[in-house]
Structure formats: structure tokens, C-alpha cells
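In what follows, a single structure is set out as C-alpha cells and then discussed.
The values are calculated or read from the model by the stated rules, or taken from the named source; none is laboratory data. Everything numeric in this text was worked out from a predicted model, so none of it was measured. With ideal geometry, Cβ positions are generated from the backbone for all residues, glycine too; neighbour counts draw on all protein chains shown.
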Amino acid sequence: MDLEQWTVGGRGFGIMLVWLLMAGEIYTTFTFLGASGWAYSRGGPVLYILGYQPLAYVVSFYVFPLVWEAGRKYKLQTLGDFFQSRYGRTYLSSFVALVGMIFLLPYVQLQLTGLGIIVEVASYGAIHRTPAIIIAFTIVAAFVFVSGVRGVAWASVMKDFLLLFAALFLGFAVPHIYFGGIRGMFAALAHAKPEHLVMPGATKNLGHAWYVSSVLMTALGFFMWPQNFAASFTARSGKILRRNAIFMPLYSITMPLMIFVGFTALLILPKLSNGDLALLTIVRNTFPAWFLGIIGGAGALTAMVPAAIQILTAATLFSKNICRPVLAPRMTDTHVATLAKMMVLVLTSGALYLAIHSSVSLVSLLLMGYAGVAQFFPGVVLGLYTKKVSATGIFAGMFCGVAVVAFLILTKRDPWIGLNPGFVALCLNFAVVIAVTVLHPNHFPQGRDGFPVQVGSQTAVLQ
């Protein structure tokens, strides 16, 4: 495959393949283990998951068709390509690619860590977590190297089928077996641990301000993940992306069902050392081993399929938006594709190291990544809807936002004054963009040809 086929599937995906690809990227080990794990260990704060997803699809309904139009007209393949085409500044697109790579690593780490948990629990401890992660690393790297984005989309067919089956069955069956149904489970939980169902749940500082700021930050950052953004370029038309935004929220039924399992596990297995073990442990204690194998297989695919597309995206960002423009401007697309495939091994190795040596919860890993990629939102949305924003302002805002995220998270100020640090950084990001643009307005044409692109009745300023 050439670079175009490997990264965006030749821009020919219909509604079914776009659905499968985006579902494969969005509904991951976080859905399978993270939601039930936070329901078990945190309680009320887990409900932020139910708040942000409908809002995120509203954002994609309006933004993605415009992004697709830009991708079709200017042959864009990555998030970095969009910033390069829109703002015409290599330093900005390379910075976007670097930030995207850095914050994709915790997401890949999430998948590998989750897979290690799944194999360890589903094998009844016979296979330790570390060798399971190493085996998964080998499989994922080889799969991405050979198949590209089209193979990931087709692999999502089995993954989505098993995930939906597992969620629908376990979400109703587990509460029914132990409490006669979901209503009985909630009645028992309200009696035994009433504080677990309200904010801040089992935490001390994840209150209502954290909830609202987390919902807003994750909703705006949801489709700023480089792999989600690039998935829009695979579609055959902008209408497919709008239809996808309408129907994809139906998939979110898996989330509350996983939360029900986590709440049930809290009552039945109250002394687990790690909340992320809740779903698989209660399945292991409730059902026969062969059924645990099916659930474990579903969980393994929810880890490996998203990890594949995340690694593919990060490798392409490095090769096309950092290496070629900065280090080797004469590289051809063939050379870029070859280097991207080599970077698959390097990036997966980095995520493998983090997965083995880190013990951060799955949801915390995801929130860390969201805080970083949400800083792309001003550059994308303002770039689509206004001519006035300058590349200098976008870069300054993004740099300040990423710096604040890194400072607050690394110094363990999460939350900060009750707010999600990513939301605080995003507000600062917008403020800096506006201030710098006013002080240093854009005196250059928008892109290389200086004309707006008409998309339906809307005008998107692109090149």
C-alpha cells in the first residue's frame, strides 16, 4: 500500500466502514474496564462519562464535514496536515504532531495495560500481566505494519460484535443474578453506600465543578484525538460523517451497562485492590471458565484494535509532520510510509515500557490524554470559521495550554481549585489566542491560495 491507502484507506469508506473505524477507535478498553473500574472505586464521578459523549457528537456533526472537505481538496492525511494547510507554518504543524504523539502514548498505554489485566484475570493468574503485554505488543505492531487503516476497520467488526454482546449481557445479567435486577442493585447500593451515588463519591475532590469542567473538556477534545480526526479523511463524503454523528451515540448504551457491573461488583467484591479488575473478577466468580474466555476475548479486541489505529496515527504524525518538513524535506511519500512503519515498533515499545512500569488507573490515563489533545480545539474550530485568527496566536495559545496541563498534572494538582486541569488549560488557550491575534493580527493570505471553501451553506476558511 502507498501512504494514502495505509493512512486514510484511499478516502473511499462508506457509512459502515466509517462507523466501524470510529467505533473501533472510540470504544476501547476504557469502555470495557475503565468505566466499571471507576464505578467501583470512585462512584458518582464516573457519571461524567455519560455526559460528554452526546455533546461530542454534536461537535463532530458540525465540524467534521468541513474537515473532510479540506482533506479532500488538499489531500490531507493527518491533524498536522490540517494545521500546515490552514496556517502555512511548519513550526505549528510540527508542534501539533509532537503534542499529538506525546498524548497518544498514554492512550496506547491504557490499551496495553488493560490487555494485561484481561489476560491475567481470564487465565486465572496462569499468565502474568507483563508477558501478556509483551505478546500483545508484538501482535499489535505486526498487525499495524501489515494492514494499515483498512485492516483496522475490518478487524473492528468482530471487536464491536463481541463488545456489544458482552455489554448487553453483563449489564443486565450480573445485577439480576445477585439482586434480581438493576433496580434491586441500586436499592442495595443506596442502602449500603449511599455516598457512592452522589458527588464526590468515594473521592475527596471530584465534585460538581470537576464534573462540569470534565464533561466540557472531554466533549470538545473528543474528536481532537489525532486518530479520530484523521478518521474523517477516510469517508467518501461529508454526509457520511453527519450520519455517523447521528447514529454513533446509540453505541453509548454500553457505558451505563458497564457502570452497572462496576456497582454490582462493589457490593459483592468490596475489597479488590484495583477497581479496574472489577468487571472481569465478578465475571470469573459468576460464570463458567469458557464464558470468561469469551468476555476476555472481547476485552482483548477492545484493547488491540484501538491500539493499532493509535500507533498508526502517531507513526504517521512523526514521519510526515515532524521528520519530513524539519529533518528531510526531500523525502517522498514512499519514504514517509517506510519510516512510519518503522516508527510503529518504536512507539509501541515506548507504550510497552509505560504499561509495565506504571500503575495509573485506566480512566486517569484517558483523562490525561484528553487534557492534552483538547488544546487543538481552538486551532481547528477558529481555523474553520474565521479568517482573522493568526498562526502566532494559535501556537501561543496551544503552547500555554499544553504547558499548564503538564504543570498541573505532573505536580499532582488534579483537580485544581476543583476544576479539571485540561479545562483550565483550554480556557487559558482561548484567551491567549484572542489576545495574541489582537496584538499581532494575521497579515498573510489564508493558506497558499487565499480563498474560502464553500461547504453547503457554510463557509470554511481553509486555504
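Which residues, taken from the stretch 193-247, are surrounded by fewer than 21 Cβ atoms within 10 Å (Cβ to Cβ), touching a residue at least 60 places away in the same chain (Cβ under 8 Å) and part of a loop (DSSP other than H, G, I, E, B)?
The answer is 193, 198, 199, 200, 202, 203, 205, 207, 236, 237.
Wholly within the stretch 21-126, which helices (runs of 4 or more DSSP H) include no fewer than the required count, namely at least 3 residues that are surrounded by fewer than 22 Cβ atoms within 10 Å (Cβ to Cβ)? Show your work before the answer.
Working: elements: 35-41, 48-74, 79-87, 90-122.
In the stretch 21-126, 48-74, 90-122 are the helices (runs of 4 or more DSSP H) which contain 3 or more residues that are surrounded by fewer than 22 Cβ atoms within 10 Å (Cβ to Cβ).
So residue 172 passes all but one of these: (1) in a helix (DSSP H, G or I); (2) under 23 Å from the mean Cα position of the chain (by Cα). Which condition number does it fail?
Of (1) in a helix (DSSP H, G or I); (2) under 23 Å from the mean Cα position of the chain (by Cα), only one is false for residue 172: (2).
Just to check your reading of the model, which residue among 339, 367, 347 is more than 22 Å from residue 224 (Cβ to Cβ), of a type outside the set (Val, Ile, Thr), in a helix (DSSP H, G or I) and at pLDDT 80 or above?
Numbers: 367 fails: more than 22 Å from residue 224 (Cβ to Cβ); 347 fails: more than 22 Å from residue 224 (Cβ to Cβ).
Result: 339 is the single residue among 339, 367, 347 that is more than 22 Å from residue 224 (Cβ to Cβ), of a type outside the set (Val, Ile, Thr), in a helix (DSSP H, G or I) and at pLDDT 80 or above.
How about the stretch 114-139: which of its residues are of a type in the set (Phe, Trp, Tyr) and within 17 Å of residue 274 (Cβ to Cβ)? Steps first, answer last, please.
At the first step, the residues of the stretch 114-139 found to be of a type in the set (Phe, Trp, Tyr) are 124, 137.
Within the stretch 114-139, just 124 meets the criteria.
Take the stretch 253-280 and flag every residue that is surrounded by fewer than 18 Cβ atoms within 10 Å (Cβ to Cβ) and within 17 Å of residue 113 (Cβ to Cβ).
272, 273, 274 - these are the residues of the stretch 253-280 that are surrounded by fewer than 18 Cβ atoms within 10 Å (Cβ to Cβ) and within 17 Å of residue 113 (Cβ to Cβ).
So which of 133, 139 ends up being farther than 27 Å from residue 378 by Cβ and crowded, with 23+ Cβ neighbours inside 10 Å? Lay out the reasoning, then the answer.
On the way: 139 fails: crowded, with 23+ Cβ neighbours inside 10 Å.
After applying the criteria, what remains is 133.
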